[in-house]
Amino acid sequence: MQASAISSRSCSVGSVPVHSRQLAIGKPAARAGFEARQKARRFPARSECQRRPSIPSVIPSSPYPTPSRRAAALNDAAAKRLLLLAAVTAYCEAVARVTLTDRQSGITLRGNVAEYIEAILELIPPGEIDLFHAVAALRDATIEYLSRAVLDLAPVVTVEANLSMPSLFWAWRIYADPNRSAELVARNMIPHPSFMPTEFEALSK
């Protein structure tokens, strides 16, 4: 009986059992942890808010081809065709306004026009048949105009002499017109009209 009473007292502290006292001590710590978790849920950290924005920064667009998008694509293609045709037309008009002084310059210009517009034709998509024919028609008309103009231009000849003579002398000797002496000076870029070189270029007529 005495041993049993000692064992009973060792399992009790005052009137509260050991296991009940341990639960009573652990309740404040558990409540503090619960309150901390609730506060963390209500007020997340700043870095976490930045990682999870409430509004997405990029809104993906729908790939569905709506009627408005199809109409916009058609208008864009038509504007590009019109712009290309207008640019080639302006180029051909500028070529037609060039003042050609001799046959060689006309032949060179005709070759440059053919090469330039041919490069444009190679860039036109195969489906743009009407645009291709329109640009090709502009090229053909410009080349035909230059070909007719070249026939009316005088060829360039090379004049050789043993002595350096003034441009007035050569203008009278070649053209029987002293007023064309300035033409000889400009064509050969002579610093002074009184001293023509012993070899220079001139129109044949």
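The values are calculated or read from the model by the stated rules, or taken from the named source; none is laboratory data. Computed from a prediction, not measured in an experiment: that's the story for all the values here. With ideal geometry, Cβ positions are generated from the backbone for all residues, glycine too; neighbour counts draw on all protein chains shown. What goes into the accessible areas is simple: the full protein's heavy atoms, side chains included, and nothing from ligands, DNA or RNA. Shrake-Rupley method; radii C 1.70, N 1.55, O 1.52, S 1.80 Å.
What do you reckon, is Leu153 of a type outside the set (Lys, Arg), modelled with pLDDT of 85 or more and in contact with a strand residue (DSSP E or B) (Cβ under 9 Å, 6 or more places away or on another chain)? No. No other residue among Glu144, Glu122 is more than 29 Å from the chain's Cα centre (by Cα) and open to solvent by 90 Å² or more (accessible area, probe 1.4 Å) apart from Glu144.
Leu184 falls short of the stated requirement of being in contact with a helix residue (DSSP H, G or I) (Cβ under 8 Å, 6 or more places away or on another chain), farther than 20 Å from Ser105 by Cα and either aliphatic (A, V, I, L, M) or at pLDDT below 85 (or both). As a summary of the residue check, Ile174 satisfies the conditions (1) under 27 Å from Arg110 (Cβ atoms); (2) within 53 Å of the chain's Cα centre (by Cα) except for the one numbered (2). Could you tell me which of the residues Arg103, Arg148 is free of Cβ contacts under 8 Å to residues at least 24 places away in the same chain and of a type in the set (Lys, Arg)? Going through Arg103, Arg148 in turn, the sole match is Arg148.
Residues of the stretch 98-109 that are of a type in the set (D, E, K, R) and either open to solvent by less than 70 Å² (accessible area, probe 1.4 Å) or farther than 21 Å from Leu203 by Cα (or both): Asp102 alone. Tell me, which residue of the stretch 87-97 that is of a type in the set (A, V, I, L, M) and more than 22 Å from the chain's Cα centre (by Cα) is surrounded by the fewest Cβ atoms within 10 Å (Cβ to Cβ)? Among residues in the stretch 87-97 that are of a type in the set (A, V, I, L, M) and more than 22 Å from the chain's Cα centre (by Cα), the one surrounded by the fewest Cβ atoms within 10 Å (Cβ to Cβ) is Ala94. Residues in the stretch 149-177 that are in a strand (DSSP E or B) and among the aliphatic types (A, V, I, L, M) were compared, and the one that is least open to solvent (accessible area, probe 1.4 Å) is Val159. Against the numbered list (1) farther than 22 Å from Thr198 by Cα; (2) under 41 Å from the mean Cα position of the chain (by Cα), Leu151 comes up short only at (2). Criterion applied to Leu138, Leu203 was being touching a Cys at 6+ places or on another chain (Cβ under 6 Å) and either closer than 16 Å to Thr101 by Cβ or open to solvent by 40 Å² or more (accessible area, probe 1.4 Å) (or both), and the one residue passing it is Leu138. The C-beta contact set for the stretch 178-199 (first residue open to solvent by 70 Å² or more (accessible area, probe 1.4 Å), second residue charged (D, E, K, R), distance under 9 angstrom, 6+ apart or interchain) comprises Glu199/Glu160.
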